[in-house]
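Here is the structure we will look at, set down as structure tokens.
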Number of protein chains: 2
Amino acid sequence: MLCHATERSRLALTCATDHFLETSCTYGCKVTHNEDFGQVAFTIEAQPESPIQLSKYMVYYTSRIACAEELCGRAEWTMDRVMHQGFQQLLTSQEQYMNDFWRRSDVRVKDVREDRTNRTTVEIQQAIRFNLFHILQASARAEDTGVPAKGLTGQAYEGHYFWDTEIYLLPFLTYTSPRIAKNLLTFRYKMLPQARARARELGHRGAMFPWRTVSGEEASAYYAAGTAQYHINADIMYALRKYVQATGDELFLRDCGAEMLVETARLWLDLGFYSDAKRGKFCINSVTGPDEYNTVVNNNAYTNLMARENLRYAAQTVEALRTNDPDAYNSLAHKTALDPSEVKAWIHATESMYVPYHEKLKIIPQDDSFLDREPWDFQNTPREHYPLLLFYHPLNIYRKRVIKQADVILAMFLLGHEFSTDAKKRNFEFYDPLTTGDSSLSSCVEAIIAAQIGDTEKAIRYGMAALLMDLADVGGNVKDGCHIASMGGTWMMLTYGLGGMRDDDGILAFWPRRAPEDNAILRFPVTHCGRMLEVEIGLETVEYALRDGEHLTIRHETEELHLSRENPVAVRPVSRT
Amino acid sequence: MLCHATERSRLALTCATDHFLETSCTYGCKVTHNEDFGQVAFTIEAQPESPIQLSKYMVYYTSRIACAEELCGRAEWTMDRVMHQGFQQLLTSQEQYMNDFWRRSDVRVKDVREDRTNRTTVEIQQAIRFNLFHILQASARAEDTGVPAKGLTGQAYEGHYFWDTEIYLLPFLTYTSPRIAKNLLTFRYKMLPQARARARELGHRGAMFPWRTVSGEEASAYYAAGTAQYHINADIMYALRKYVQATGDELFLRDCGAEMLVETARLWLDLGFYSDAKRGKFCINSVTGPDEYNTVVNNNAYTNLMARENLRYAAQTVEALRTNDPDAYNSLAHKTALDPSEVKAWIHATESMYVPYHEKLKIIPQDDSFLDREPWDFQNTPREHYPLLLFYHPLNIYRKRVIKQADVILAMFLLGHEFSTDAKKRNFEFYDPLTTGDSSLSSCVEAIIAAQIGDTEKAIRYGMAALLMDLADVGGNVKDGCHIASMGGTWMMLTYGLGGMRDDDGILAFWPRRAPEDNAILRFPVTHCGRMLEVEIGLETVEYALRDGEHLTIRHETEELHLSRENPVAVRPVSRT
């Protein structure tokens, strides 16, 4: 058993190892160890035909679970238990766990021409499962921790947690493993004290969640593509709303969510201002949006749109508590020293939020100066000079009209109900040629919007890039670890994109579309408020089947469907694009 | 003798010490030393009435002057010479040197009520000389080096050289010690190879002078208030033009200046672009101007104005060479691979340069988004929270409408002929309340513009702040060293500000103004093309006297005055404000 701790933050880890040797051969065993090293050497007089079976058991404990002094004791007790139970029982419980996971989570594609070996579909199925499995690995034990950018697969980003947990991973977890989604949101709630302190440090009211962190403290050294990404506040609150809508977990909203909403809404109100130059609109200046190739800008559209949603949800939640649960409201007001006038101010900012719009191009400019930038010379940028950030000085990139990753387009996915298909089409066609996709967070989102606007060719191209990001090493950097967020993005692409899933108002809706050449059947489960729905999009019809639970109301396009134990299945025709 | 070198760049310094003891008392001497340490201890049997005189000589040599191996030999030879000559001769030559310096440089103020002890005027005189003396200390031996921000008085800024050498110090040196001015410009010329390499590194054509440097390489770690300050290129070329105009040193322009002009003009042309969003005007995006509280902005007015001057002077110089000195032109074209079309492109950019202007406020906005910023809450900023950069996160400062130091106002001083007094007044009145003066480079410039627009109260207030910056520790940080640039600024304030000096077109002009309550006589020498002029601004009249040289043409306001050996003095009435 070895126990190590990091030097400054004293995060401790204990690893215990034990062995069980089964053999009829004569053997000896020698154990040596020092402070940093442990070794067990078996010397076995092996005989022909005489089997030797060595079972190796390992137990890990971290200081997240118990105080450092107890770690070794705990590891010892656990080791005793599993050695006593034996490998078979471990294996069985793991099988149960995995079966349960796949039942809740597996997205299946099957080519209708079943008799032929359709290699592509088999590979796609493997890639989907590869992605979902790695999300499981990265998130299953996220208890009082976040999900590192590379999961457990690599050391890039130093194991830090970013906004992509909330925007790219939580949708999958919310709809397949809501318990883990709740763990992750609780982890954010627990870092509220540090987020409050960080806001003070930057001269703000409210709370400011860290751009990158392990323990809740801001760990980003470079503000332009770090601390300036205030949008993380709104991203977490967005994930909170989706979680509450999908699970009905009003208790979590009351006990944890509301407090985060108050503090994040405060931050936005403090950060922005009513600008004379913008005719009294509420503006947010000097922030960086998701696109890290345009930093420290004024009125990043994504940030303003998401901040508006944050402010709106905060006001709505606080008002609902005040009306429906005065005790909870009083407790919240006490904890946050909330003044009723604040809620009015949030509503006013919501209503006055400035969202850039270009009358002539009929698009949403990514920020105030985006259209002022010099066009990037894509034609003379050699293929091997991507990702640009590795080959050009940041000043050179920031100066030009070039995009690392979906920004306005991401807002149009997340807040899809606020935009017409036409608007999505115009913006997609404007931004797509400017988007390098140098971030792995881009393709899955572009694929979804492409699917929504009926650009099948791009939906497939970006979708495959997202799906194969790590298996085919699309970014050329899988040696640094898997892109866990992009993996979550592939699930979104399959469900929201190809499956046409929408969840804007708390009722699950589906607008499945099918391209003429597309012969694959898509099937996926969705957990909603404790019920499990299975959706199968066939060639001509879509089937909605209630698997767990008494009843569930969903929508097929605009039609409301009521599934129940008595009538668990509904079938509707699929539109062709 | 000790010789040390820096670890990485191998800059070496030798210091030799020797002693000469004169006494009739008995004495012994013990010398000890090791690698890092040397000691000479005299033991003297001192007797009453018997004098003991110890003279200590020190010699310094650096690897800038000789190669490291020779340093000790050189120091020894020099030590032998001075020991042989003795202290008296050193003293005499130093006195000559200082007398010569004061004759060329001293700015004198004298209260007309000579019979009374006017303490203020005496103190002001002391402060002026304190400032000029420190500039001498910092610059006298600038041979193949620059002038560090703190001169030889402190270690802040790590001895690095910045733009303030060219903009704040070179005017004084150009008009009093042109040889040193030339040294400093030659030093810039010699770092042209590194400046070319740095431009490549940032993806630019031409040359990019380092924001901070010792050896010519960029030493700034933080681009926002460092590398992004592209204006240093134009600042150096501005100082070059002033130097050539004031000295007539066309040889330097031909042999060194022209090459720098070509490379800097190239950089501007590459950095900027013709912007559709700005109706085809030439725009320069993502740069930081002199004001470090508004970083990485589009169309910083100072930068665009100074870049325009840079491009204009480059085109003019190259065209003049082509017409008047084909050999020199060919050599230049060869050295820089100059294509004649480039000059046309510079002229086009000059003519198309975008300079922001706000029709309603009738001011030049400092940059494209300056007027979009949220006003800084000056009222609730406690006195002890200045300088802001020590108390607020940069993002918080950059987001607000608050200025560290004169920016548009500095351009209006440097390019004074491009702006009417009305324009200066409007801009000064707009920017002055927004300017914290958190940089020591601000007050002297604000004082000059205040003097030019007749705001005597502010001219005096800012002028005194600049003058007493170090003696009265106005900035509270003189412990880190003197503000050499501000010291140069005080000379500009006295000559350009109070003396009304103008040098826009190569002819010295004076527009002296006198406030009603002002009873001090101001007298200062100016060296121009090898002649020395002395200007004395009395209560009613101004006297221009040619001290050295055959003849000199100057202007008093719009009147041309021809001074000669026969008629060396002209007297004109002084206008009262």
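The values are calculated or read from the model by the stated rules, or taken from the named source; none is laboratory data. Everything numeric in this text was worked out from a predicted model, so none of it was measured. Please note: Cβ atoms are built from the backbone with ideal geometry, for glycine as well, and neighbour counts cover all protein chains shown. When the accessible area is computed, the model is the full protein with side chains, heavy atoms only, and any ligands, DNA or RNA have been set aside. Shrake-Rupley method; radii C 1.70, N 1.55, O 1.52, S 1.80 Å.
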Cα centroid separation - segment A:262-321 against segment B:487-518, whole Å: 49
For peptides A:543-550, B:178-185, sequence by mean Cβ density within 10 Å, most packed first: B:178-185, A:543-550
Per residue, in Å², the accessible surface of segment A:12-165 once ligands and nucleic acids are set aside, probe 1.4 Å: 64
Descending Cα extents along the principal axes, segment B:25-173, whole Å: 58, 47, 28
With N residues in segment B:191-287, Rg(alpha-carbon) / (2.2 N^0.38 Å) equals 1.15
Send over the semi-axes of segment A:303-401's equivalent ellipsoid, whole angstrom and largest first, taken as the square roots of 5 times the C-alpha gyration tensor eigenvalues. 44, 17, 10
Could you work out the mean projected area of the convex hull around the alpha carbons of the protein assembly as shown, in square nanometres to one decimal? 65.4
Mean projected area, convex hull of alpha-carbon positions in segment B:370-475, reported to one decimal in nm², is 7.1
Kindly give the distances from B:SER420 to its copy-mates, label point to label point, with each label point 7 Å from Cα along Cα→Cβ, as nm values to one decimal ordered shortest first. 4.9
If a/c stays under 1.5 just call it rounded; otherwise compare a/b with b/c (prolate if a/b is bigger, oblate if not). Do that for segment B:123-166, with a ≥ b ≥ c from the square roots of the Cα gyration tensor eigenvalues. prolate
How far apart are the A:LEU11 label points across copies, placing each 7 Å from Cα toward Cβ, in nm, shortest first? 4.1
List the distances, in nm to one decimal, from the label point of B:ASP100 to the label points of the same position in every other copy, shortest first, placing each label point 7 Å from Cα along the Cα-to-Cβ direction. 9.3
Before rounding to the nearest 500, sum -39500 (n - 2.57) across all DSSP H runs of length at least 4 in chain B and divide by the residue total; then give [θ] at 222 nm in deg cm²/dmol. -12000 deg cm²/dmol
Zone residues, segment A:184-214, relative to A:HIS348, backbone N less than 19 Å from point 7 Å out along Cα-to-Cβ: A:205-206
At 1.4 Å probe size, with no ligands or nucleic acids counted, give the accessible surface of B:LEU390 in Å², nearest ten. 130
Hydrodynamic calc, segment A:362-405: Kirkwood Rh from Cα pairs, then Stokes-Einstein at 10 °C with viscosity 1.306 mPa s, so D in µm² s⁻¹ is 139
Distance from the Cα centre of segment B:170-248 to that of segment B:45-105, in angstrom? 33
Based only on Cα atoms, what mean projected area does the convex hull of segment B:79-160 have, in nm²? 8.4
Distribution of pairwise C-alpha distances over segment B:1-90, 10 Å bins, in %: 15, 37, 31, 13, 4, 0
For chain A, what is the Kirkwood hydrodynamic radius in Å, using each pair of distinct C-alpha atoms? 25.9
Per-bin percent of Cα-Cα distances, segment A:422-577 [10 Å]: 11, 36, 32, 17, 4, 0
